[in-house]
Amino acid sequence: MAKFTLPQLNYKFSELEPYIDVATVELHYGKHHQAYTDKLNLALEAYPDLQSKSIEELLCNLEAVPTEIRNAVRNNGGGYYNHNLYWKTLTPNGRTDSAFQGTIAKVWGTWEKFVEEFSQKALTQFGSGWVWLVQGADSKLSIVQTSNQDVPAGKHLLALDVWEHAYYLKYQNRRADYVQNWWKVVDWEAVGKLARQ
Ligand code: MN3
């Protein structure tokens with residue numbers, strides 16, 4: 001029986017239009033995210049003791065994962081987890097959280113400076129990877145880049161997928177346009193909730 005399963009989306013595939021197109025969501029969720037999930041389950045098949053762990057436990061303690069499947073868990077477990085967060089923090093036409101967005105604005109000086117730094121990191125991430133808003137153990141917020149499906153340290157509040165599969169169908173090589181439009185569907189209410197958890 002499959003241990004890890006795709007999360008239900010809180011919206012229809014078409015509802016992130018026109019910012020993220022229906023064909024991209026179908027492929028990204030139904031094929032890419034599904035494939036990470038399937039490959040993670042396959043890697044864990046022969047390790048019933050690991051199947052009882054949460055995805056967070058697996059990814060935070062990769063050295064406890066047997067070497068034969070460590071890379072598979074790192075890449076596919078990361079892919080499974082990262083996409084869960086990606087979909088969870090999107091919503092049709094976006095949603096605001098004035099309290100949490102106010103906190104961000106204070107940390108970065110202004111809201112625009114935060115958006116600019118985050119977008120800049122999304123554009124300068126070389127090759128496939130992610131950009132994150134992370135809360136450290138000291139509660140400090142920071143913007144972090146990671147390669148492939150790697151997961152940064154800290155509490156993960158927001159993750160932007162900058163793999164080409166996240167935008168190429170609609171935007172081709174125009175990653176900047178994808179990033180600019182992604183802001184319009186961010187669910188800050190969900191992000192703020194994660195920060196307060
Ligand atoms: Mn992806």
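The values are calculated or read from the model by the stated rules, or taken from the named source; none is laboratory data. Remember, predicted model here, so these are calculated numbers, not experimental data. Counting neighbours? That spans all protein chains shown, and the Cβs are built from the backbone with ideal geometry, glycine included. In case anyone asks, the SASA skips ligands and DNA or RNA and just uses the protein heavy atoms, side chains included. Shrake-Rupley method; radii C 1.70, N 1.55, O 1.52, S 1.80 Å.
In region 32-41, which residues are open to solvent by less than 70 Å² (accessible area, probe 1.4 Å) and within 16 Å of the ligand (Cβ to nearest atom)?
Matches in region 32-41: His32, His33, Gln34, Ala35, Tyr36, Thr37, Leu40.
Residues that are open to solvent by 60 Å² or more (accessible area, probe 1.4 Å), away from the ligand (no atom under 14 Å from the Cβ) and under 16 Å from the mean Cα position of the chain (by Cα): does region 11-31 have at least one? Checking region 11-31: not a single residue is open to solvent by 60 Å² or more (accessible area, probe 1.4 Å), away from the ligand (no atom under 14 Å from the Cβ) and under 16 Å from the mean Cα position of the chain (by Cα). For Leu44, the test of being open to solvent by less than 80 Å² (accessible area, probe 1.4 Å) and away from the ligand (no atom under 14 Å from the Cβ) is passed. When the residues of region 157-173 are filtered to those that are open to solvent by 20 Å² or more (accessible area, probe 1.4 Å) and under 23 Å from Gly30 (Cβ atoms), the one that is farthest from the ligand (Cβ to nearest atom) is Gln172.
Residues of region 84-98 that are assigned to a helix (DSSP H, G or I) and more than 16 Å from the ligand (Cβ to nearest atom): Ser98 alone. Entry remark, region 58-98: residues being of a type outside the set (Val, Ile, Thr), over 15 Å from Pro152 (Cβ atoms), touching a residue at least 60 places away in the same chain (Cβ under 8 Å) and open to solvent by 70 Å² or more (accessible area, probe 1.4 Å) number 3 in total.
Going through (1) over 14 Å from the mean Cα position of the chain (by Cα); (2) in the same structural domain as Val186 (by TED's automatic domain parsing) one by one, Asp150 falls short only on (1).
Within region 122-145, if we keep just the residues that are part of a strand (DSSP E or B) and of a type in the set (Gly, Ala, Ser), the residue that is least open to solvent (accessible area, probe 1.4 Å) turns out to be Gly129. For region 48-57, a residue qualifies if it is open to solvent by 50 Å² or more (accessible area, probe 1.4 Å) and either more than 22 Å from the chain's Cα centre (by Cα) or touching a residue at least 12 places away in the same chain (Cβ under 8 Å) (or both), and the qualifying residues are Pro48, Asp49, Gln51, Ser52, Glu56.
Check region 174-183 and report whether any residue there is surrounded by 14 or more Cβ atoms within 10 Å (Cβ to Cβ), β-branched (Val, Ile, Thr) and not assigned by TED's automatic domain parsing to the domain that holds His28. Among the residues of region 174-183, at least one is surrounded by 14 or more Cβ atoms within 10 Å (Cβ to Cβ), β-branched (Val, Ile, Thr) and not assigned by TED's automatic domain parsing to the domain that holds His28, which makes the answer yes. Could you go through region 99-115 and let me know if any residue there is at positive phi, more than 16 Å from the ligand (Cβ to nearest atom) and surrounded by fewer than 18 Cβ atoms within 10 Å (Cβ to Cβ). Yes, region 99-115 has at least one match.
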